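Note sheet for the following structure.
The values are calculated or read from the model by the stated rules, or taken from the named source; none is laboratory data. Predicted, not measured: the structure shown is a model, and the values here were computed from it. So basically every Cβ, Gly included, is an ideal-geometry build from the backbone, and we count neighbours across all protein chains shown.
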Amino acid sequence: MTGPLAGMRVVEMVGLGPCPFAAMMLADMGAEVIRIDRKAVPGAPNPFPMLGTRYDVMARGRRSLALDLKQPAAKEVVLRLLDKADIVIEGFRPGVMERLGLGPDVCHARNAALVYGRITGWGQHGPLAQAAGHDINYVALTGMLHAMGRADAPPTPPLNLVGDFGGGAMMLAFGVVCAVLEARKSGRGQVVDAAMTDGAALLGAMMYGLRAHGSWSDQRGANMLDGGAHYYDTYACADGKFISIGAIEPQFYALLLKLAGIDDPAFDAQMDAALWPSLTEKIAAVFLTRERDSWCHLMEGTDACFAPVLDMAEAPRHPHNVARATFADVGGVVQPAPAPRFSRTAPEIGIMPAIPGQHSAAVLGDWGWSQADVAALAQQGVI
């Protein structure tokens, strides 16, 4: 691997959602990430049939070691791996790793410099720490979900981008790399407590600042960035497809009106929030007069702050995304490429998603186990 994290060793205790996404980010950047999968139980139902296939995009770039963690020998395998690792990340409820005998105190007693990354919805402590939840719940608690959606409709779930991935996985990946940099100076690792509630709240820093200033209303769909303003919204076109407009600055707004052929003086009062509903109706009628591609031909690439609203089939084919190689085809599966870009240590997509346990013997051999030890673990059913 050639990315900026080449040489870093990470152990991922496999879970769902944000932990695999964070591990994918680290692997994309060149870290050697070993997935600790749970040893499959023959005949057990699989509620997530995508997992362990080439469609499991978030599993890319890592080798898989499958262990029966109910066996004491499996715990010792994990601890021996962590003796040589820079980072371990896990996404279980608080206390699970401790019950497995793999909590931070045990691990730091053996490897004082280990960075121990933990990601949960509610965090490692607090009244809700042991409760089940999902992205929508964590974002709801931060005030951010309330702000999303139209004024006349319930709040709109933002997929699971804000809690699981933006507020969770990315914060975890950022946090463990920060902690490794500190450990290389101090010689001491630490626990990184990445709570999706904390991260989702942090993503709303600007909105909380605007609200404190009096520039943001708790009324949904009444603000500049939530669809309340006519110059920052999505609009239907004659063919039923959509475009996006984000002409906030006066010079960009003026160009938008010029290109759209709008000369109604009512639009001169751009920042008068009382007029936004009526101006939205008027500009929506204008955009309904052409098909989406016609508006693209007229506005795309200008300073009108315009872009077509593409679906996931169209986005990888857009010329800008093609030019930047924003998407990649890995084994016939189109998926986002690693980001961000680096001028020297270019990140790359590593091996395709592994079947759980696909690399058990190879991983142990590479990390110091003898062939006899590996064979014994296999015979005991540990791997």
* Any idea which residue in region 102-126 is surrounded by the fewest Cβ atoms within 10 Å (Cβ to Cβ), counting only those that are assigned to a helix (DSSP H, G or I) and of a type outside the set (Asp, Glu)? -> Ala109
* Single residue of region 258-283 satisfying the filter (surrounded by 14 or more Cβ atoms within 10 Å (Cβ to Cβ) and hydrophobic (A, V, I, L, M, F, W, C)) that is farthest from Ala247 (Cα to Cα) -> Leu275
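Every residue, every condition in (1) over 22 Å from the mean Cα position of the chain (by Cα); (2) closer than 22 Å to Met29 by Cα, yes or no:
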| position | (1), (2) |
| --- | --- |
| Gly166 | no, yes |
| Arg188 | yes, no |
| Leu202 | no, no |
| Asp218 | yes, no |
* How many residues, within region 133-187, are of a type in the set (Phe, Trp, Tyr) and in contact with a Ser or Thr (Cβ under 7 Å, 6 or more places away or on another chain)? -> 1
* **Checklist (1) within 29 Å of Tyr232 (Cα to Cα); (2) not assigned by TED's automatic domain parsing to the domain that holds Glu249 applied to Ala304, failing item** => (2)
